[in-house]
1. In whole angstrom, how far apart do the alpha carbon centroids of region 60-121 and region 296-322 sit?
2. Might you report the magnitude of the Cβ-based charge dipole of the chain about its Cα centre, with Lys and Arg at +1 and Asp and Glu at -1, to the nearest 20 debye?
3. For each of LYS129, LYS115, LYS162, count neighbouring Cβ atoms within 10 Å of the residue's Cβ, then give the residues from fewest to most.
4. Hey, of (1) 0.98; (2) 1.01; (3) 0.96, which did the structure itself give for Rg/Rh (Cα atoms, Kirkwood Rh) when calculated?
5. Identify the residues of region 107-126 with backbone N under 20 Å of a label point that sits 7 angstrom from the Cα of ASP240 along the Cα-to-Cβ direction, or state none.
6. Give the share of C-alpha pairs in each 10 angstrom bin for region 2-118, from 0 to the last occupied bin, in whole percents, shortest bins first.
Amino acid sequence: MIKIGILSIAHGHAGSFAAALRQIDGVELTGVWHEETEHGQTFAERIGTRFFASAEELLAQQLDGVIICSDTSQHRPLTELAARHTRHILCDKPISTNLEDAQAMIDTCAAQNAKLQIAGQVRFSPAIKCLKQMLDAQSLGRVYSLKTSKRGKSPGGWFADKQCSGGGAVIDHTVDMIDLLRWLWNTEVTEVYAEVGFDLLHPGLGIDDEGMLSFALATGAYGTLEASWSRPEAYPGWGDITIEIVGERGIIRVEAYNQRLELYSNLAKNAQWVLLGSNIALGQVGDFTEMIATGSPPSSTGYDGMKALEVALAAYRSSETGQPVRLVAG
């Protein structure tokens, strides 16, 4: 039996990860710890597991792995603590709020012989997997340009507190998309130019809620990324992810989460999407537990997380200076 614990439930992914763990044979969700006791106890009771009063008490349960779903500023201390007690860590994204903490997390896990995996759920969308196969087969030939977007609802709470999150929509969504692009093409971003808007869509939020990035890849392709909290509360689902690619042999457009039945009815106030197809959280957690069971390397490493963060931070610098930021490939 693989024993897994969850450290903090501050991020909304904690719920979907916990539900996924309960669906995998041979895996036990041993318990949960959270900074706010009442919230943590309610969560643990709802999903049918035990609440632990301290992170150390949970880590003392001889866990095979832990999943960290805290606010981003707590990723480093929780990762360093976990690395002293278990050999497998799945940390939510972004890896950290700054590159120094990211490197420290990587170094600590290496010193403790612990495997650090950074969550990259978008990789587990069937549409994205199909795109990866096409690109690996060179089906489009040389890729000239790409247009990407990740647009969601404003999560509020600690996401809008820069001390906790490291930034708003730009860091929240850029790290996901850059991790995806690095994986799809096995390449690096070499240059970033960005325009970042603060309180444009959500007055008084106090943090960036809209960003437009232009970037170059080491492959020679150029692209754009809209990273925003631009979906209204009435929007069905949390948001969307799209990739449009222009290649020498054709074009392709992918909607990563377009596995749904659309319902428009006068009986409902808003359009409704009934989600179908695969569960990407289950794909992410299944990948993590398979790593534990087989001894395979992480599919998304701490280094991957750090390189994605590097691009997001470069976007903020570009917005501040009005100039593109060059990045070292590799």
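Rule-based calculations on the coordinates, nothing more; no lab input. Predicted, not measured: the structure shown is a model, and the values here were computed from it. Glycine also receives a Cβ, built like all others from the backbone with ideal geometry; neighbour counts cover every protein chain displayed.
1. Centre-to-centre (Cα) distance: 16 Å.
2. Working: 27 positive and 39 negative charges, 178 e Å.
Roughly 860 debye, rounded to the nearest 20.
3. LYS129, LYS162, LYS115
4. Matching entry in (1) 0.98; (2) 1.01; (3) 0.96: (3).
5. Backbone N within reach: 122-126.
6. Going out from 0 Å in 10 Å bins, region 2-118 shows 15, 51, 30, 4 percent.
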